[in-house]
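> Here it is, the structure in full.
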Amino acid sequence: MTLNNDRGFSLIEVLVVTVIVGVLSGIAISQYASYKASGVDAKVAGAVRQIATGQEAYYSSHLSYASDADEIDGIVVDDVLIEVSAGNTGDLETSFRVQASHPDATRSYVWVSDPAPGESHLSEV
């Protein structure tokens with residue numbers, strides 16, 4: 001009398017499951033990277049808005065805009081790269097321009113305090 005022990009999975013079944021898991025994880029990883037990049041983009045846009053608000057507060061007490069983000073009190077931009085320059089007037093006494101970027105971001109943002117008519121203060125570069 002022989003016992004036939006057919007427990008377990010065949011090689012084909014294991015390979016099919018492995019392929020399905022691989023495909024699903026490939027989709028999940030690409031979506032994760034996309035969500036992470038959009039989160040960093042939002043961080044950069046938020047930093048630009050924060051600097052712009054800080055510039056207006058700085059102007060109210062110094063009657064000119066700060067030439068560097070470090071001069072503005074209470075500003076924390078972490079690892080976002082900030083560049084402050086004169087706005088459309090060409091003079092930091094009357095206008096400013098903030099450009100921000102991040103190595104992991106897919107976009108850079110610019111805030112101009114005196115945009116041309118019809119243009120937005122915040123624009124994507």
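> All but one of (1) on the phi > 0 side of the Ramachandran plot; (2) at pLDDT below 90 hold for V77; state the number of the condition that does not hold.
(1)
> If you check G46 against the conditions, is it closer than 30 Å to S113 by Cα and either small (G, A, S) or in contact (Cβ under 8 Å) with a residue 12 or more places away in the chain (or both)? Steps first, answer last, please.
On the way: closer than 30 Å to S113 by Cα: yes; either small (G, A, S) or in contact (Cβ under 8 Å) with a residue 12 or more places away in the chain (or both): yes.
The answer is yes for G46.
> Another one. Being more than 20 Å from G46 (Cβ to Cβ) and either in contact with a Phe, Trp or Tyr (Cβ under 9 Å, 6 or more places away or on another chain) or of a type in the set (S, T, Y) (or both) narrows it down to one of S101, S64, S113, so name that one. Write out each step before concluding.
Working: S101 fails: more than 20 Å from G46 (Cβ to Cβ); S113 fails: more than 20 Å from G46 (Cβ to Cβ).
On inspection, the qualifying residue turns out to be S64.
> Still on this structure: Hey, which of the strands (runs of 3 or more DSSP E) in the stretch 80-125, taking only ones fully inside, have at least 1 residues that are surrounded by fewer than 16 Cβ atoms within 10 Å (Cβ to Cβ) and over 11 Å from the mean Cα position of the chain (by Cα)? Outline the logic, then answer.
Values: elements: 81-86, 96-101, 109-112, 122-124.
Passing ranges, in order: 81-86, 122-124.
> If you don't mind, another one. Please identify the pairs in which a residue from the stretch 4-15 that is modelled with pLDDT under 90 has its Cβ atom under 9 Å from the Cβ atom of a residue that is part of a helix (DSSP H, G or I) and not small (G, A, S), counting only partners at least 6 apart or on another chain.
Every condition considered, the pairs that remain are F9/V17.
> Just name the residue that is nearest to E93 (Cα to Cα) out of those in the stretch 47-74 that are over 24 Å from the mean Cα position of the chain (by Cα) and assigned to a loop (DSSP other than H, G, I, E, B).
Within the stretch 47-74, the first condition is being over 24 Å from the mean Cα position of the chain (by Cα), and the residues that meet it are 57-65.
Keeping just the survivors that are assigned to a loop (DSSP other than H, G, I, E, B) gives 63-65.
Values: L63: 7, S64: 4, Y65: 6 Å.
Among residues in the stretch 47-74 that are over 24 Å from the mean Cα position of the chain (by Cα) and assigned to a loop (DSSP other than H, G, I, E, B), the one nearest to E93 (Cα to Cα) is S64.
> What's the number of the condition D70 fails, among (1) under 29 Å from Y32 (Cβ atoms); (2) of a type in the set (D, E); (3) loosely packed, with under 12 Cβ neighbours inside 10 Å?
For D70, the exception is condition (1).
The values are calculated or read from the model by the stated rules, or taken from the named source; none is laboratory data. Predicted model only: the values in this text are computed from it and were never measured. Don't worry about glycine lacking a Cβ; one is built from the backbone with ideal geometry, like all the others, and counts go over all protein chains shown.
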